[in-house]
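Here is the structure we will look at, set down as structure tokens.
The values are calculated or read from the model by the stated rules, or taken from the named source; none is laboratory data. Computed from a predicted structure; not experimentally measured. Backbone-built Cβ (ideal geometry, glycine too); neighbour counts: all protein chains shown. Note: areas computed on protein heavy atoms with side chains; ligands, DNA, RNA excluded. Shrake-Rupley method; radii C 1.70, N 1.55, O 1.52, S 1.80 Å.
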Amino acid sequence: MTRFLPDGDRLHFGAATASYQIEGATTIRGRGPSIWDTFAAKPGAVKDGKDGKDAPDSYFRYTEDADLLRDLGAEYYRFSVAWPRIIPAGTGDVEPRGLDYYDRVVDALLERGVTPTGTFYHWDLPQALEDKGGWLNRDTAYAFADYAMVVHDRLGDRVKVWATHNEPWCATYLGYAAGVHAPGLKLGGEAHRVAHHLNLGHGVAAQRLHAAGCEDVGIVHNLAPIWPEEDCSPEAADGIDAIRNRVWLDPLIDGAYDDGLLRVAPELADPELVQEGDLELIKGSADWLGINYYTPVRPGPTAPPAPGQAVHPETEGYPGAEPVTFVVRDPRTDIGWEVEPRGLEELLIETHKRTGLPLMVTENGAAYDDHDRIERDGVSIVDDQDRIAYLDAHIEATRRAREAGADVRAYICWTLLDNFEWAEGYTKYFGIVGIDPLTKDRIPKASYYWLQSQLKDSAS
Ligand code: IFM
């Protein structure tokens, strides 16, 4: 049972960000290094060679961001906490200045009538833990739960809705298999061990959070509708579905890894990895589920790479599944992702049927290169009609899913501010508010004002 989740009477709205992408201030007030600081320092790892220290400086400008959320009419703000600010070495000493910062952020939001929802892990693992194996090490799951409890002890009186992880598929398979996200490893099937430890970390943390009285513990996944092309083999499509969707949902709902998954991820049958009691602990541990959706996945023909041939990073994100060519149809956003709102509608309906859990769209948005400008109140702003069309179509898709019976409580847009887009650096713009690269001033785009008018209508 959830107590503080948005109710289901209507669709509620908000905006999301993540610590490493917006805060900046990566080396001050006791913050320890994270795997993203280390990864971004490797030549070629991030497109523009930059890292989180060039982010929009929300560490110092959080009140401006809270003002923007209030003026937008956002009911909810989904933020994440940076583990390296709270426990700089991953385990052990707590840095009070880190907790103080989030305390201030939460109060600033509440003072403005915006409800904060927190995510404990949005990919900024303390480097000290990576040095001991990161998520390949079972101990990291328990360290994660300890950290989550420290944060909850401090903020739980005001932040009632929590997610453990954001998009563990990316943390696992982009980080430890494709090597395009931190920590930048290419371990093939060994990455499935990371998936289990993230599931376990969620389960241990959820158990302890529940025991501490938190009734709204969720997890956020970038599940995807898998739409195989005609020439994709059923085995290949099943393997991709297993690694993208079932490795997360099956333990949560059934307390099991299914046979189709074990075919492509035999590592998950290792009793030293999946220990007695792990799956029972994970089963039923989420009170709600967050869905991040951007685009469908269309596996095409099976195409085993020739020796020495470059493999598309997406393919390496599904280790053990038959390698396929991924098809991307038009229209596409500036990051190359197909625009297909039907994917969101289907995903919400099917995930609700599969899990029975209340859902929130915890991220949805689009990267465009934002070249058109208009004048508004004497200020030149980005006229991002393509982003408005994207958001409009996906909010409509969310409403259709609700009408079809899916229990979707909220639509949280990605993202409030242009920010550090991981391996793309600062070259892709997802924000409804632009950032002046020199002054870091916030300049709302046309999509901000458009969403503001939608939110006014939906609240009235
Ligand atoms: O920027 C990311 C976010 O951190 C996680 N979900 C997808 C977004 C766009 O790539």
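Each row is one residue, and each column tells you yes or no for (1) open to solvent by less than 30 Å² (accessible area, probe 1.4 Å); (2) in a helix (DSSP H, G or I).
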| position | (1), (2) |
| --- | --- |
| PRO56 | yes, no |
| THR63 | no, yes |
| ASP67 | no, yes |
| ASP71 | no, yes |
| ALA74 | yes, no |
| ARG85 | yes, yes |
| ALA89 | no, no |
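Of the residues that make up the stretch 405-424, is at least one within 23 Å of the chain's Cα centre (by Cα) and free of Cβ contacts under 8 Å to residues at least 24 places away in the same chain? Within the stretch 405-424, none of the residues are within 23 Å of the chain's Cα centre (by Cα) and free of Cβ contacts under 8 Å to residues at least 24 places away in the same chain.
I need the full set of residues from the stretch 52-89 which are under 22 Å from ILE443 (Cα atoms) and charged (D, E, K, R), in order please. Result: LYS53, ASP54, ASP57, ARG61, GLU64, ASP65, ASP67, ARG70, ASP71, GLU75, ARG78. Screening the stretch 291-344 for residues that are without any contact (Cβ under 8 Å) to a residue 12 or more places away in the chain and within 16 Å of the ligand (Cβ to nearest atom) and picking the one that is surrounded by the most Cβ atoms within 10 Å (Cβ to Cβ) gives ARG332.
Taking the condition away from the ligand (no atom under 16 Å from the Cβ) and either on the phi > 0 side of the Ramachandran plot or open to solvent by less than 20 Å² (accessible area, probe 1.4 Å) (or both), does VAL94 pass? Answer is no for this residue.
Yes/no per residue for (1) more than 16 Å from the ligand (Cβ to nearest atom); (2) modelled with pLDDT of 95 or more; (3) open to solvent by less than 30 Å² (accessible area, probe 1.4 Å):
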position: PHE144; (1), (2), (3): yes, yes, yes
position: LYS160; (1), (2), (3): yes, yes, no
position: GLY175; (1), (2), (3): no, yes, yes
position: GLY179; (1), (2), (3): yes, yes, yes
position: HIS202; (1), (2), (3): yes, yes, yes
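Can we say GLU396 is under 20 Å from HIS221 (Cα atoms), charged (D, E, K, R) and at pLDDT 95 or above? No, not satisfied. HIS152 fulfils the conditions (1) assigned to a loop (DSSP other than H, G, I, E, B); (2) of a type outside the set (D, E, K, R); (3) touching a Cys at 6+ places or on another chain (Cβ under 7 Å); (4) away from the ligand (no atom under 16 Å from the Cβ) except for a single criterion, (1).
Which condition from (1) within 29 Å of GLY255 (Cα to Cα); (2) open to solvent by 50 Å² or more (accessible area, probe 1.4 Å); (3) of a type in the set (A, V, I, L, M) is the one that LEU281 breaks? It is condition (2) that LEU281 fails.
Filtering GLY24, GLY44, GLY32 for residues that are farther than 20 Å from ALA74 by Cβ, within 16 Å of the ligand (Cβ to nearest atom) and assigned to a loop (DSSP other than H, G, I, E, B) leaves a single hit, GLY24. Of the strands (runs of 3 or more DSSP E) lying entirely inside the stretch 355-460, those containing at least 1 residues that are open to solvent by 20 Å² or more (accessible area, probe 1.4 Å) and within 16 Å of the ligand (Cβ to nearest atom) are 433-435. Filtered by the rule that a residue be within 22 Å of ALA366 (Cβ to Cβ) and open to solvent by 30 Å² or more (accessible area, probe 1.4 Å), the stretch 1-49 gives LYS47, ASP48. Residues in the stretch 105-142 that are away from the ligand (no atom under 16 Å from the Cβ), under 16 Å from ASN199 (Cα atoms), outside any helix (DSSP H, G or I) and not polar (S, T, N, Q): 1 in all.
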